[in-house]
Amino acid sequence: MKHLFLPLGLILAVTTGFFLPAGGIFLTDNNALKIILFSIFLVSGYQAGAKELTIDRKLLTLFLVASTISLFLAPFLGLLVSKLLNFPLHLAMGLIIISTVPPTISSGVVITEVSRGNTTLALFLTISLNLLGIFTMPFMLDFCLKAAGPIDIDQIALFYTMLFFVLLPFIIGKTTRSMRNKIRVSSLWSYLNSSCVILIVYASISTSKYALLRLEPKDYMLILAGVTSVHILLLAINTYAGKILQLSPVDNKAMIFVTSQKTMALALAVLANIQFDTGNAIIVCLMFHFFQLFFDSFLASAMNRK
């Protein structure tokens, strides 16, 4: 049930957004999405306990390689694929944004667990890359979006948004757990985080319903080709990097799944803060998330059996 909650919830969110959009429009008009985003990282901070992990040269090298691939190389992959497939500007924007954001908050760790990988390392990479991404994302986005077309974003405003809605709630959640001296937290918190992501998708679909209906089947095939290319390239690059670093199989699984995935919640938050007609960029983020979730789950299960 834990593995199916998010994908089934996202399917429900998309369906409800099309047929009952009033609730999603209400959430958007009353700034509820900002509260939901704040809650996601508040819960993430609370869940992030201090686990046993030896900080040595090997771990620092791994972190450096993972951050280079996830936060610096991935945006250029999104830009390159959008150029090669001749994406329209709105779709290119979505692919670049989802390629630039840090790894997923929870699914990377969960899928690493399914593959019998190192979940402690997966959690470390998830937290550290998300925190570092606060500082890298505004500038990488600005560079890649300008290369894609006449899109200009306020880097400083986006940076402060990330500080307030990502770093601050994470610190509050982490501090709260430390003050309560909680060694273990209930797994139910993961359901709350997933529910917040589902609400963001519902609100985004509700407000973009008519724009999404204007897309033709060939547009959806083009988007699928784009998100598939970027994600599989990231999986291949991370697999090769793990071999170069001579990681153990369990550590390599953590790097592959965490560093190849992207967080949809933050991508949708970025879209909401761009003063530009984002058009159908949201559907690119949604399809990227669905593809990485289902493809990596299948891959993790195959690794587990092997």
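The values are calculated or read from the model by the stated rules, or taken from the named source; none is laboratory data. Note that this is a predicted model, so its numbers are computed, not measured. When we count neighbours, we look across all protein chains shown, and the Cβ atoms used for this are built from the backbone with ideal geometry, even at glycine.
Listing for the model above:
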| read-out | value |
| --- | --- |
| Residue match in the range 284-306 (condition: under 17 Å from the mean Cα position of the chain (by Cα), part of a helix (DSSP H, G or I), farther than 22 Å from L141 by Cα and not hydrophobic (A, V, I, L, M, F, W, C)) | yes |
| Where A157 falls short, out of the listed (1) more than 20 Å from M93 (Cβ to Cβ); (2) exposed (fewer than 14 other Cβ atoms within 10 Å of the Cβ); (3) in contact (Cβ under 8 Å) with a residue 60 or more places away in the chain | (1) |
| Residue pairs meeting the criteria (Cβ under 9 Å; at least 6 apart or on separate chains; first farther than 13 Å from F41 by Cβ, in the range 165-185; second assigned to a helix (DSSP H, G or I) and among the polar types (S, T, N, Q)) | R177/Q47; K182/T176; V185/Q47 |
| Selection status of L27, under 26 Å from I200 (Cβ atoms), in contact with a helix residue (DSSP H, G or I) (Cβ under 9 Å, 6 or more places away or on another chain), at pLDDT 90 or above and buried (at least 18 other Cβ atoms within 10 Å of the Cβ) | no |
| T207 being under 28 Å from I156 (Cβ atoms), under 15 Å from the mean Cα position of the chain (by Cα) and in contact (Cβ under 8 Å) with a residue 60 or more places away in the chain | no |
| Unmet requirement for P150, which otherwise passes all of (1) within 16 Å of H90 (Cα to Cα); (2) exposed (fewer than 15 other Cβ atoms within 10 Å of the Cβ); (3) in contact with a helix residue (DSSP H, G or I) (Cβ under 7 Å, 6 or more places away or on another chain) | (3) |
| Residue in the range 227-234 that is outside any helix (DSSP H, G or I), closer than 30 Å to N31 by Cβ and in contact (Cβ under 8 Å) with a residue 60 or more places away in the chain present | no |
| Matching residues, the range 74-91, being within 17 Å of the chain's Cα centre (by Cα) and surrounded by fewer than 19 Cβ atoms within 10 Å (Cβ to Cβ) | F76 |
| I40, sole failed condition from (1) surrounded by 24 or more Cβ atoms within 10 Å (Cβ to Cβ); (2) outside any loop (DSSP other than H, G, I, E, B); (3) modelled with pLDDT of 90 or more | (3) |
